[in-house]
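The values are calculated or read from the model by the stated rules, or taken from the named source; none is laboratory data. A quick note: this is a predicted structure, and the numbers were derived from the prediction, not measured. We place every Cβ from the backbone using ideal geometry, glycine too, and count neighbours over all the protein chains shown.
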Ligand code: 4AD
Ligand code: MG
C-alpha cells in the first residue's frame, strides 16, 4: 500500500497509474450510481477522495459502510483540475477489512475537547488530535536534531530515583512494601531499609541532577524523558506525568543558557512550520486565529530579558489589581506571568534573578545574597515554558544552601563531590515539552497535547 502522503507529495510520479491504499473512511456520500469516500490512512493530515461507481461488484455494500470502517482500495490516481484536492482515486476494487459499528462516536460534527478526552482511544482519529500528535512527534524529532547538530550527548536520566531534585516534595513514592503491614523504625517512621531499593525511592521530578554529572564529563548534554509530579493542581497547564527536555552545559553561564534556550525554541518552531504545514494551517484556522502570524514574528525577533525585580516593578506600575497581590519576594503566579508576557511585552520574556527563597537549592547565589541566577521563559498564551539556572558550583556555598533548605547532606554526597573534583561554571534548563506543544498549536489545555494525559483522579487508558 502506498501512503496517501506520498500520493500527494509525489503525485506527478503516480498520476494515471494504478495505486493501492489502505485506510479508514472519514466520510462517505453515495448516490445511486456513484459515490465519494474521504479516506484517511494516518500518513497524512489530508484525506484522499476515493470515487466509486456501480461498476464495482460490491458497490452497494461499500457505499453503506459506516464511518471509520477500514478498507483496501485499488484504482487509478487521477488529477482533478480546479478541485479542492489535486488528486483522487477512481476505484476499481475495494475490499472491506473491518466494518465499523454504527455507534462509532466520532460522527461528522464538531465535538468538544472535553468529550473527546473521554474517548482517548478514538480521538487520535479526529482532525484536531491527528494534527496535535503529529506535531508532537515532529517537534520531538526537532529537539533531538537541534542538540545532535550541536554535538550534545543525549543522556538518559533514571526515572526511579532516590533524590528530590526540586526539593518541593511533590514525588510519587515507589514501594513494594505491603501496605497492610508496613515495617516501622523505632521512631515510628516507615522503615524503607526493608523496601526493594533499601531506601526511599520515587519517580523523578527532573533529570537535572544526573544531567549535571554527565555535563561535567561531556560538557554539553541533554535529557529528554518523562518526569512526574504529584502536584494536586487542576489547571490546564499541569500534568502529573509530562516530558521534559533538560540540556546541561559546562563552562557556560546564565547568558549562554538563555541563548541556548532561545535558539532551541526558535529551531523547534521553524522545524515544525516547515514540516507540518497542513497541520499548522489547521490550527491557525480552527484553534487559534493569530497563530501563524505570532509564531513567524517570534522566530524573527529577540526575546525580552528582564530581572525579577524589574518584573515586579512593572507589575506594580501597571496599577492592575491582581487576585494575588504583588510584592518583591512572591512567587509569580500565572496571572502575573501572563500579564508580563501578553500585556506588557506581547513577546517571549526571560525573567532572571529570582529571590533565593522561592527557587531551588542548586541555583547559584548572586553577590547580593538575596537572589539566585535563575531564569524562567514566559510566553504569551501559556506562561512559563522553561525553568532553568546557572548552578551553584562553589562547594561551600552549596553546602550552606543544602542546610538552609533543611535537606540531608548525605543524600547529596555525590552532587557535592562534583564541586570538589574539578568544579566548573555550568548551567541548564528544563523545557516542558507539553507546554511547548501548547505554544506551537494554540491548544489551551495540557490534556489535549499528550495522547494519554495523567492528571489527578485521571488514569484511564
Ligand atoms: O521549572 P521546573 O520545575 O524546573 C526544573 O525541573 C529544573 N530541574 C529544570 C532544569 O533546570 N533542568 O520545570 C521545568 C519546566 C517548566 O518550566 C514547565 O514548562 C514544565 O517543566 N513543568 C510542567 N509541565 C507540565 N506539568 C507540570 N506539572 C509541570 N511542572 C513543570
Ligand atoms: Mg519552574
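Each residue in the range 366-378 was checked for being out of contact with any strand residue (DSSP E or B) (no Cβ under 7 Å at 6 or more places or on another chain) and within 16 Å of ligand 2 (Cβ to nearest atom), and 0 of them qualify. Residues that are within 27 Å of residue 138 (Cβ to Cβ) and either in a loop (DSSP other than H, G, I, E, B) or touching a strand residue (DSSP E or B) at 6+ places or on another chain (Cβ under 6 Å) (or both) do not occur anywhere in the range 54-64.
Going through (1) part of a helix (DSSP H, G or I); (2) out of contact with any strand residue (DSSP E or B) (no Cβ under 8 Å at 6 or more places or on another chain); (3) within 27 Å of residue 447 (Cβ to Cβ) one by one, residue 168 falls short only on (1).
Here the condition is being under 26 Å from residue 456 (Cα atoms) and within 11 Å of ligand 1 (Cβ to nearest atom); of 201, 230, it holds for 230 alone.
Look at residue 150 and say whether it is surrounded by 15 or more Cβ atoms within 10 Å (Cβ to Cβ) and more than 16 Å from ligand 2 (Cβ to nearest atom). Yes.
Screening residue 7 with (1) free of Cβ contacts under 8 Å to residues at least 40 places away in the same chain; (2) crowded, with 17+ Cβ neighbours inside 10 Å; (3) part of a helix (DSSP H, G or I) gives one miss only, at (1).
Each row is one residue, and each column tells you yes or no for (1) modelled with pLDDT under 95; (2) more than 9 Å from ligand 1 (Cβ to nearest atom).
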residue	(1), (2)
346	yes, yes
365	no, yes
369	no, yes
377	no, no
395	no, yes
408	yes, yes
414	no, yes
425	no, yes
430	no, no
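Against the criterion of being closer than 30 Å to residue 256 by Cα and either within 18 Å of the chain's Cα centre (by Cα) or surrounded by 15 or more Cβ atoms within 10 Å (Cβ to Cβ) (or both), residue 171 does not qualify. For the condition assigned to a helix (DSSP H, G or I) and more than 10 Å from ligand 1 (Cβ to nearest atom), residue 144 qualifies.
Name every residue in the range 256-268 that is touching a helix residue (DSSP H, G or I) at 6+ places or on another chain (Cβ under 8 Å) and buried (at least 21 other Cβ atoms within 10 Å of the Cβ), in order of residue number. 264, 265, 268 - these are the residues of the range 256-268 that are touching a helix residue (DSSP H, G or I) at 6+ places or on another chain (Cβ under 8 Å) and buried (at least 21 other Cβ atoms within 10 Å of the Cβ). Let me confirm something: among 193, 206, 163, which residue is more than 10 Å from ligand 1 (Cβ to nearest atom) and in contact (Cβ under 8 Å) with a residue 60 or more places away in the chain? Step by step, each of 193, 206, 163 is checked, and only 163 is more than 10 Å from ligand 1 (Cβ to nearest atom) and in contact (Cβ under 8 Å) with a residue 60 or more places away in the chain.
Condition first: closer than 18 Å to residue 384 by Cβ, assigned to a loop (DSSP other than H, G, I, E, B) and in contact with a strand residue (DSSP E or B) (Cβ under 6 Å, 6 or more places away or on another chain). Can you find one or more residues in the range 337-356 that meet it? Yes. Residues in the range 306-336 that are touching a strand residue (DSSP E or B) at 6+ places or on another chain (Cβ under 8 Å), assigned to a loop (DSSP other than H, G, I, E, B) and surrounded by 17 or more Cβ atoms within 10 Å (Cβ to Cβ): 332 only.
This table checks each residue for (1) closer than 30 Å to residue 420 by Cβ; (2) within 16 Å of ligand 2 (Cβ to nearest atom); (3) surrounded by 15 or more Cβ atoms within 10 Å (Cβ to Cβ); (4) touching a residue at least 40 places away in the same chain (Cβ under 8 Å).
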{"position": "176", "(1), (2), (3), (4)": "no, no, no, no"}
{"position": "179", "(1), (2), (3), (4)": "no, no, no, no"}
{"position": "187", "(1), (2), (3), (4)": "no, no, no, no"}
{"position": "199", "(1), (2), (3), (4)": "yes, no, no, no"}
{"position": "202", "(1), (2), (3), (4)": "yes, no, yes, yes"}
{"position": "220", "(1), (2), (3), (4)": "yes, no, yes, yes"}
{"position": "224", "(1), (2), (3), (4)": "yes, no, yes, yes"}
{"position": "243", "(1), (2), (3), (4)": "no, yes, yes, yes"}
{"position": "254", "(1), (2), (3), (4)": "yes, yes, yes, yes"}
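Residue-level analysis places residue 239 outside the set of residues that are within 25 Å of residue 366 (Cβ to Cβ) and surrounded by 19 or more Cβ atoms within 10 Å (Cβ to Cβ). Across the range 379-393, the qualifying residues are those that are away from ligand 2 (no atom under 16 Å from the Cβ) and at pLDDT below 95, and the one among them that is surrounded by the fewest Cβ atoms within 10 Å (Cβ to Cβ) is 381.
Residues checked against (1) part of a loop (DSSP other than H, G, I, E, B); (2) over 24 Å from the mean Cα position of the chain (by Cα); (3) more than 27 Å from residue 9 (Cα to Cα):
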site: 82; (1), (2), (3): yes, yes, no
site: 85; (1), (2), (3): yes, yes, no
site: 91; (1), (2), (3): no, yes, no
site: 95; (1), (2), (3): no, yes, no
site: 102; (1), (2), (3): yes, yes, yes
site: 105; (1), (2), (3): yes, yes, yes
site: 109; (1), (2), (3): yes, yes, yes
site: 114; (1), (2), (3): no, no, yes
site: 121; (1), (2), (3): yes, no, yes
